[in-house]
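J.: Next up is a structure, given as structure tokens.
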Amino acid sequence: MKKLILLALCLITALSANAQKFKIKKPAHLYTPKQVHYKLNSATHMRRLARLQRIKHPTSSIIFRATPHTTPVFINQTNLSIPQRNALLKDYDKALSQFEDFKAKQGPFIYYQSIPTEARDLHPFEQTQLTNQLIDLQQKLWKVYKTTPQDKALIHALEFVNHGIEIINPALEHVAAAFHPSALNVKKATPEDFFLYPSLSNKPNPLEELVGKKIAIINDDVLLLASFERQSQMGVLFPHAELYTEALVAQFLLGVPYSRFDIVFTDINLADGNGYMIARTLRDNGYKGGIIALTSYPETSQQATQLQGAGFDGMISLDPRYLNKMPLPQRLTYAAQEYLKRAQKLQ
């Protein structure tokens, strides 16, 4: 019996020695002077990693996030303490989470409210309630955006909320303008270089600038796109140019080699996205062509001037008051021509 007990003890000792021999060593930077190991996903390790990054790159922005395997958040202020950074990241997650919840509930309503033929008169209580929700979201998103201006999710959220304020309560368009993503670096728009309304007295013929050009129109009105295609085939719309039309934002951004287009016309209000998102995505992916917004805004409104700082090269108002002066096909054609002439001068 004693021999069996001794044999068992020897076996346990041998197994323990082998376990220590083959134990995987942790990276040295994961230990404190007391050899205390911090788990990879723990907040303690993430704070330690942030300190190491700050020491290694004292003058650059630190890419830091408390949860691994997600898109990093770019924080500009390197003088923030670790608790301040953690608080900022919590505000970031909370603001975007509230935005996604609001968009899921009210996004379709705001979209249809932006279409004149679908919009309905809002009860004052309903209008006030929606406006307060949008302004509260705007304040929370802007607070985080000022320290993370490169974050695409925040830019998209702010653009959506500002657009919602303009639609639900047009009297507060100045509030939306003050918190637009471009408000940190505003470029003043002038009618001469941004609003593409060619004069009726200036009709060069033939339209030499359009020869061989490729032009895309993004609009969720299928009947309107069909009429554009017919007018293009008849030589009324974009003569001497190739026209491509698309009703879906995702199809255009993911399935079409948009870099081949010289000009992209896009509506601002679209069923599965918006013109701001198209402009931002194209610019982020290095698109150098022209992006022209099709809007119902009057060309002298503050809403229209915001478009210049959002990646657009020009805009056309589809307001009937302007279309009475020039038919839409001519208006689009000469807008494209004016943009191409301007682009040639800047080269």
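The values are calculated or read from the model by the stated rules, or taken from the named source; none is laboratory data. Please read all numbers here as calculations on a predicted model, not as lab measurements. Cβ atoms come from the backbone with ideal geometry, glycine included; neighbour counts cover every protein chain shown.
J.: Return the total of residues in segment 266-278 being modelled with pLDDT under 85 and within 21 Å of K341 (Cα to Cα).
T.: 0
J.: Does segment 88-99 contain at least one residue that is closer than 25 Å to L172 by Cα, surrounded by fewer than 17 Cβ atoms within 10 Å (Cβ to Cβ) and modelled with pLDDT under 80?
T.: no
J.: Step by step: first the residues of segment 120-163, then only those that are hydroxyl-bearing (S, T, Y) and within 18 Å of D93 (Cα to Cα), then the one that is surrounded by the most Cβ atoms within 10 Å (Cβ to Cβ). Which residue is that? Even if it seems obvious, please write down each step before you answer.
T.: As a first pass, look at segment 120-163 and keep what is hydroxyl-bearing (S, T, Y): 128, 131, 145, 147-148.
From the residues that got through so far, the ones that are within 18 Å of D93 (Cα to Cα) too are 145, 147-148.
Working: Y145: 22, T147: 19, T148: 19.
Among those that are hydroxyl-bearing (S, T, Y) and within 18 Å of D93 (Cα to Cα), it is Y145.
J.: Moving on to the next point. Which of (1) surrounded by fewer than 21 Cβ atoms within 10 Å (Cβ to Cβ); (2) closer than 19 Å to L282 by Cβ; (3) at pLDDT 65 or above does I218 not meet, given it meets every other one?
T.: With respect to (1) surrounded by fewer than 21 Cβ atoms within 10 Å (Cβ to Cβ); (2) closer than 19 Å to L282 by Cβ; (3) at pLDDT 65 or above, I218 is out only on (1).
J.: Let me ask something else about it. Report whether or not T281 is in contact with a Leu (Cβ under 7 Å, 6 or more places away or on another chain), under 27 Å from A104 (Cα atoms), at pLDDT 75 or above and in a helix (DSSP H, G or I).
T.: Numbers: in contact with a Leu (Cβ under 7 Å, 6 or more places away or on another chain): yes; under 27 Å from A104 (Cα atoms): yes; at pLDDT 75 or above: yes; in a helix (DSSP H, G or I): yes.
The answer is yes for T281.
J.: Then there is this: Got a sec? Which of L323, L318, L307, L294 is of a type in the set (A, V, I, L, M), assigned by TED's automatic domain parsing to the domain that holds Y258 and at pLDDT below 65?
T.: On the way: L318 fails: at pLDDT below 65; L307 fails: at pLDDT below 65; L294 fails: at pLDDT below 65.
Exactly one residue qualifies, and that residue is L323.
J.: In segment 269-291, what count of residues is obtained for those that are more than 13 Å from the chain's Cα centre (by Cα) and of a type in the set (A, V, I, L, M, F, W, C)?
T.: Within segment 269-291, the first condition is being more than 13 Å from the chain's Cα centre (by Cα), and the residues that meet it are 269-272, 286-291.
Still in the running and of a type in the set (A, V, I, L, M, F, W, C): 270-271, 291.
So the answer is 3.
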